[in-house]
Amino acid sequence: MKILVTGGSGYIGSHTVHELLNAGHEVVVMDNLANSSEESLRRVAELTGKQAEFHQVDLLDPEGMKKLFRDTRPEAVIHFAGLKAVGESAEKPLWYYQTNVAGTLNLLYAMEEVDCKTIVFSSSATVYGEPEEMPLTEKINMDAQSCYGRTKEHIEDMLRDLGASDASWNIALLRYFNPVGAHESGRIGEDPAGIPNNLVPFIAQVAVGRREHLNVFGNDYPTVDGTGVRDYIHVVDLANGHLKALEYLASHGGLHTWNLGTGNGYSVLEVLHAFEKACGKELPYKIVDRRPGDVAVSYADPSSALADLGWSAERDIDTMVRDHWNWQKNNPNGYEA
Ligand code: NAD
Ligand code: UFG
């Protein structure tokens, strides 16, 4: 199948492009390179022996998007492109709504014009907000607590309305839990700009000597050791979930929502200790105040994805941190080196 991947040079995008090429798909990548570099795709080509076609286009350029679809004529889209930093979204809400919501609108108009009506969308577990019940099932109402999360809610709603208006659209809403890890080769991985917001990239930079210590945000949560619990998922398992969703849409159609998580929760200190085991050294940390907006516990009920897609995560926490460390130690400065 010919698949257009928006945001395909980014972290999850590049791993998904790798899996798509290996599975024999033809891949077109569009990205404005705001948070990635073409080096990731060069390395994907080196790993797979196959080349994705790259177009530097901005989601916010409606004419550029339409031209891209007229020129490339994909059969399906996987839509990763967007902004994803929770804290930044509170400071720059209009930029987040414009890029994520208006950008997706431009994408959907461009798709409609060439009758490309299959889309897999990167949603997030953050749309669940702070529900009482755990694990999180897809039936729980959306109640995002951040501007970033609300942009995901708006896009989901837009796609639901589109699917309801025209049954020829095939739509998958994939709600990711906490993606970590890297391809086992250590050639592609996550390369955050500036100080990492997320736990595992931060720990990896402590391990490689770029940061002095980890700040653990709170140790007074009602959890196994007082630190926050999350459902970490290996990025390659996550990437494979997208291929399964595309396969499903090819024979089912309609709109579907799936959690992509492992169903297991690990605390901050458990992840830190797993990473210490992987890198063979003790990693310094300090307990500091809770980070505003953080929930105590979040983990998925991934049973719908298993039942419908035959998909479940295969890689455990030790594999996740081993692969993340392998990427970080081979590329201490990310793709820059
Ligand atoms: P990423 O930043 O590595 O990838 C996003 C890509 O989109 C980047 O390559 C960036 O250059 C591109 N992009 C940004 N604005 C653009 C624009 N205006 N036009 C074209 N391209 C643009 O992030 P990621 O971690 O790979 O996330 C991919 C998707 O998954 C995002 O939509 C994100 O919200 C979602 N998601 C990520 C996580 C996570 O923790 N990483 C969790 C849940 C959901
Ligand atoms: N944490 C620390 N220190 C750090 C970073 C994080 O203690 O330096 C803790 C947090 O308090 C939390 C856990 O580690 O308990 C995980 O935090 P992350 O920032 O890695 O992940 P979040 O669960 O907060 O959020 C992530 C993405 C969101 C996404 C959400 C759900 O950042 O974009 O997962 O998918 F919406």
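The values are calculated or read from the model by the stated rules, or taken from the named source; none is laboratory data. For clarity, every value in this text was computed on a predicted model and none was experimentally measured. All Cβ positions, glycine included, derive from the backbone under ideal geometry; neighbour counts span all protein chains shown.
Filter region 275-288 down to the residues that are within 16 Å of residue 198 (Cα to Cα) and in contact with a Phe, Trp or Tyr (Cβ under 8 Å, 6 or more places away or on another chain), then identify the one that is surrounded by the most Cβ atoms within 10 Å (Cβ to Cβ).
Ranking the qualifying residues of region 275-288, first place goes to 275.
In this structure, is residue 35 within 14 Å of ligand 1 (Cβ to nearest atom), under 20 Å from the mean Cα position of the chain (by Cα) and crowded, with 17+ Cβ neighbours inside 10 Å? Even if it seems obvious, please write down each step before you answer.
Values: within 14 Å of ligand 1 (Cβ to nearest atom): yes; under 20 Å from the mean Cα position of the chain (by Cα): yes; crowded, with 17+ Cβ neighbours inside 10 Å: yes.
For residue 35, the condition - within 14 Å of ligand 1 (Cβ to nearest atom), under 20 Å from the mean Cα position of the chain (by Cα) and crowded, with 17+ Cβ neighbours inside 10 Å - is met.
Give just the number: which of (1) outside any helix (DSSP H, G or I); (2) within 16 Å of ligand 2 (Cβ to nearest atom) does residue 281 not satisfy?
For residue 281, the exception is condition (2).
Quick check: is even one residue across region 89-110 in contact (Cβ under 8 Å) with a residue 60 or more places away in the chain, under 24 Å from residue 169 (Cβ atoms), touching a helix residue (DSSP H, G or I) at 6+ places or on another chain (Cβ under 7 Å) and in a loop (DSSP other than H, G, I, E, B)? Before the answer, list the steps.
Keep residues of region 89-110 that are in contact (Cβ under 8 Å) with a residue 60 or more places away in the chain, which gives 89, 107.
From the residues that got through so far, the ones that are under 24 Å from residue 169 (Cβ atoms) too are 107.
Within this subset, residues satisfying the condition of being touching a helix residue (DSSP H, G or I) at 6+ places or on another chain (Cβ under 7 Å) are 107.
Next, only the ones that are in a loop (DSSP other than H, G, I, E, B) stay: none.
No: zero hits.
Let's see how each residue does on (1) at pLDDT 95 or above; (2) on the phi < 0 side of the Ramachandran plot; (3) surrounded by fewer than 21 Cβ atoms within 10 Å (Cβ to Cβ):
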{"site": "157", "(1), (2), (3)": "yes, yes, yes"}
{"site": "161", "(1), (2), (3)": "yes, yes, yes"}
{"site": "171", "(1), (2), (3)": "yes, yes, no"}
{"site": "193", "(1), (2), (3)": "no, yes, yes"}
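Take region 284-320 and flag every residue that is in contact with a helix residue (DSSP H, G or I) (Cβ under 8 Å, 6 or more places away or on another chain), of a type in the set (Ser, Thr, Tyr) and within 16 Å of ligand 1 (Cβ to nearest atom). First the steps, then the outcome.
Taking region 284-320 as the starting set, the residues that turn out to be in contact with a helix residue (DSSP H, G or I) (Cβ under 8 Å, 6 or more places away or on another chain) are 284-285, 293, 298, 300, 305, 308-315, 317-318, 320.
When the remaining residues are screened for being of a type in the set (Ser, Thr, Tyr), the result is 285, 298, 312.
Result: 298, single match.
Going through 187, 175, 211, 150 one at a time, which residue ends up being away from ligand 2 (no atom under 16 Å from the Cβ) and among the basic types (Lys, Arg)?
On the way: 175 fails: away from ligand 2 (no atom under 16 Å from the Cβ); 211 fails: away from ligand 2 (no atom under 16 Å from the Cβ); 150 fails: away from ligand 2 (no atom under 16 Å from the Cβ).
After applying the criteria, what remains is 187.
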